[in-house]
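Participant: Structure below; questions to follow.
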Amino acid sequence: MKTVNLGIIGLNGRGRLWNYWKQIEGVNIAAGADISRDSIDKFLKLCNPDAFVTENYRDLLSRSDLDGIVVTTPDYLHAKMVTAALESGKFVYCEKPLAVSVKECDDILEASRRHPGKLMIGFNMRYMPFVCKMKELVDNGEIGEIKAVWVRHFVGMGSNYYYHDWHANKRNVGSLLLQKGSHDIDVIHYITGHHTVKAAAFGSLDIFGGDQDNKLACPDCDLKDSCIESQMPLLNPDNKPERKYCVFRKEVNIQDNYTCLFLLDNGIKVSYNECHFTPDYHRNYTFIGTKGRIENNEIESTVKLWKRKNGRNDQPDQVFDMLNTLTREQLEIGHGGADPKICADFIRLIRGEIKEPPVPVEAGRYAAIAGLAAQYSLEHGGIAVDVK
Ligand SMILES: NC(=O)c1ccc[n+]([C@@H]2O[C@H](COP(=O)([O-])OP(=O)(O)OC[C@H]3O[C@@H](n4cnc5c(N)ncnc54)[C@H](O)[C@@H]3O)[C@@H](O)[C@H]2O)c1
């Protein structure tokens, strides 16, 4: 079996996907690029001491020994890095969201059309057991024709995920409806088989942001022992140096509370809520069709199915336990067991074992532009915005 050599651009948080690629036989994490010396040093120490490393990502693109490039840098860098990587002729894995503007999404789309079949988008939620089960039930016709979708995303520990670093500034992410919401919007598109044509939204910055100095870091703050935002456990101890700035600092300008409506191309109505200061963390999806409805419960790890019958039917007809598909330990690995699977598919794509990227670039564009339209709406009084 030919060795697949990967180069990763952006070696911190999500760059640690190398953990899963390393476990695949015949995969070598051969190179890494990052502007942070700290990220490079950790990559050399934890992943591969013999890897080629550089601070200039273009050095990876000119290397003939690399088969695939992984782009795990902040969102506003995806467009230029992904288009350049595609033009170098290599396979490319791009983290979500695809990009932070319609123009950037279109630039990537055009580059991917010049290099067909080479770009895969990191919508790992498509591999989560509850999403797979819901898709299977819909495709099997269990709930008939979908007419309504209601989604609630409770982003617990939102400050840890998004407000201590670059994510909290609009110029870097466009909107948390892209950074976070593009996952959910993609799942809605994927399960229904339809995409957004109109969006309207309201949103505000209710908890985070304020007048603290942009350079104030939690470890140096007088309130560090009483402020719950500085006390939350950090996601990964190795991320500490980066995710430390006060969530109440001046530069924070991205909404933490969103309520959106989306209309899909076949008339399906979607309501979508995303809040970054809930105590609990989970996603709750409901798809309602002409013959019944399904709903997941991420805390219970279940998907429930109700059928329309003669009369009221409060109790689910079937309850599917996701712990029957994966163990609790597997569900707790990388987004409900999804990350090892999406990483494996990228290698299968490079090896030619699958011909088309399982998560196509068009899906990345549909999700991103729906989020951008909703962001535009909330900045313009909640008007309905056409999504081209
Ligand atoms: N699919 C998922 O579930 C998932 C989860 C988390 C993050 N992500 C995505 O992964 C991407 C990275 O997020 P993160 O949380 O890992 O961020 P991060 O801040 O932890 O890491 C980003 C890394 O990119 C490096 N970088 C910045 N500019 C660079 C440049 N010009 N050249 C090379 N390296 C550069 C930084 O130094 C840092 O090491 C984002 O697009 C995010 O949306 C996806």
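Participant: Which residue pairs have Cβ atoms closer than 6 Å, lie 6 or more positions apart in sequence or on different chains, and pair a first residue in region 100-111 that is surrounded by 15 or more Cβ atoms within 10 Å (Cβ to Cβ) with a second residue that is among the aromatic types (Phe, Trp, Tyr)?
Facilitator: The qualifying pairs are Val100/Tyr76.
Participant: Anything in region 66-75 that is surrounded by 20 or more Cβ atoms within 10 Å (Cβ to Cβ) and either within 12 Å of the ligand (Cβ to nearest atom) or farther than 16 Å from Trp18 by Cα (or both)? List them, or say none.
Facilitator: Answer for region 66-75, where residues must be surrounded by 20 or more Cβ atoms within 10 Å (Cβ to Cβ) and either within 12 Å of the ligand (Cβ to nearest atom) or farther than 16 Å from Trp18 by Cα (or both): Ile69, Val70, Val71, Thr72, Thr73, Asp75.
Participant: Further question on the same structure: Here is a check on your reading of the model: is Ile8 crowded, with 20+ Cβ neighbours inside 10 Å and assigned by TED's automatic domain parsing to the domain that holds Val92?
Facilitator: It is true that Ile8 is crowded, with 20+ Cβ neighbours inside 10 Å and assigned by TED's automatic domain parsing to the domain that holds Val92.
Participant: Restricting to region 1-13, name every residue that is assigned to a loop (DSSP other than H, G, I, E, B), more than 12 Å from the ligand (Cβ to nearest atom) and of a type outside the set (Lys, Arg).
Facilitator: Step one: list which residues in region 1-13 are assigned to a loop (DSSP other than H, G, I, E, B), which gives 1-3, 10-13.
After this cut, where a residue has to be more than 12 Å from the ligand (Cβ to nearest atom) as well, the list is 1-3.
Met1, Thr3 - these are the residues of region 1-13 that are assigned to a loop (DSSP other than H, G, I, E, B), more than 12 Å from the ligand (Cβ to nearest atom) and of a type outside the set (Lys, Arg).
Participant: A further question follows. Out of curiosity, is Ala148 modelled with pLDDT of 95 or more, surrounded by 19 or more Cβ atoms within 10 Å (Cβ to Cβ) and at negative phi? Break it down into steps so the answer makes sense when it comes.
Facilitator: On the way: modelled with pLDDT of 95 or more: yes; surrounded by 19 or more Cβ atoms within 10 Å (Cβ to Cβ): no; at negative phi: yes.
The answer is no for Ala148.
Participant: Also: Among what's in region 27-42 and is polar (S, T, N, Q) and either surrounded by fewer than 16 Cβ atoms within 10 Å (Cβ to Cβ) or away from the ligand (no atom under 14 Å from the Cβ) (or both), pick the residue that is nearest to Ala79 (Cα to Cα).
Facilitator: Out of the qualifying residues, it is Ser36.
Participant: Does Arg243 meet the test of being within 16 Å of the ligand (Cβ to nearest atom), out of contact with any helix residue (DSSP H, G or I) (no Cβ under 6 Å at 6 or more places or on another chain) and assigned to a loop (DSSP other than H, G, I, E, B)?
Facilitator: yes
Participant: Sticking with this one: Quick one: in region 346-363, which of the residues that are closer than 19 Å to Leu66 by Cβ and either of a type in the set (A, V, I, L, M, F, W, C) or surrounded by 20 or more Cβ atoms within 10 Å (Cβ to Cβ) (or both) is farthest from the chain's Cα centre (by Cα)?
Facilitator: Per the stated criteria, the residue is Ile350.
Participant: Restricting region 86-99 to residues that are surrounded by 24 or more Cβ atoms within 10 Å (Cβ to Cβ) and without any contact (Cβ under 8 Å) to a residue 60 or more places away in the chain, which is nearest to Asn124 (Cα to Cα)?
Facilitator: In this case the residue turns out to be Val92.
Participant: Something else now. Have a look at Glu142, Glu136 and point out the one that is away from the ligand (no atom under 11 Å from the Cβ) and surrounded by fewer than 16 Cβ atoms within 10 Å (Cβ to Cβ).
Facilitator: From the options Glu142, Glu136, the qualifying one is Glu136.
Participant: Then there is this: Among Tyr20, Tyr76, which is the only one that is farther than 22 Å from Leu109 by Cβ and aromatic (Phe, Trp, Tyr)?
Facilitator: Of the residues listed, the single one that is farther than 22 Å from Leu109 by Cβ and aromatic (Phe, Trp, Tyr) is Tyr20.
Residue-wise test of (1) modelled with pLDDT under 95; (2) surrounded by fewer than 20 Cβ atoms within 10 Å (Cβ to Cβ); (3) within 24 Å of the chain's Cα centre (by Cα); (4) within 12 Å of the ligand (Cβ to nearest atom).
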{"position": "Gly15", "(1), (2), (3), (4)": "yes, no, yes, yes"}
{"position": "Glu25", "(1), (2), (3), (4)": "no, yes, no, no"}
{"position": "Leu44", "(1), (2), (3), (4)": "no, yes, no, no"}
{"position": "Phe52", "(1), (2), (3), (4)": "no, yes, no, no"}
{"position": "Arg58", "(1), (2), (3), (4)": "no, yes, no, yes"}
{"position": "Ser64", "(1), (2), (3), (4)": "no, yes, no, no"}
{"position": "Leu77", "(1), (2), (3), (4)": "no, yes, yes, yes"}
{"position": "Lys80", "(1), (2), (3), (4)": "no, yes, yes, yes"}
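The values are calculated or read from the model by the stated rules, or taken from the named source; none is laboratory data. Computed from a predicted model, the values in this text were never measured in an experiment. When we count neighbours, we look across all protein chains shown, and the Cβ atoms used for this are built from the backbone with ideal geometry, even at glycine.
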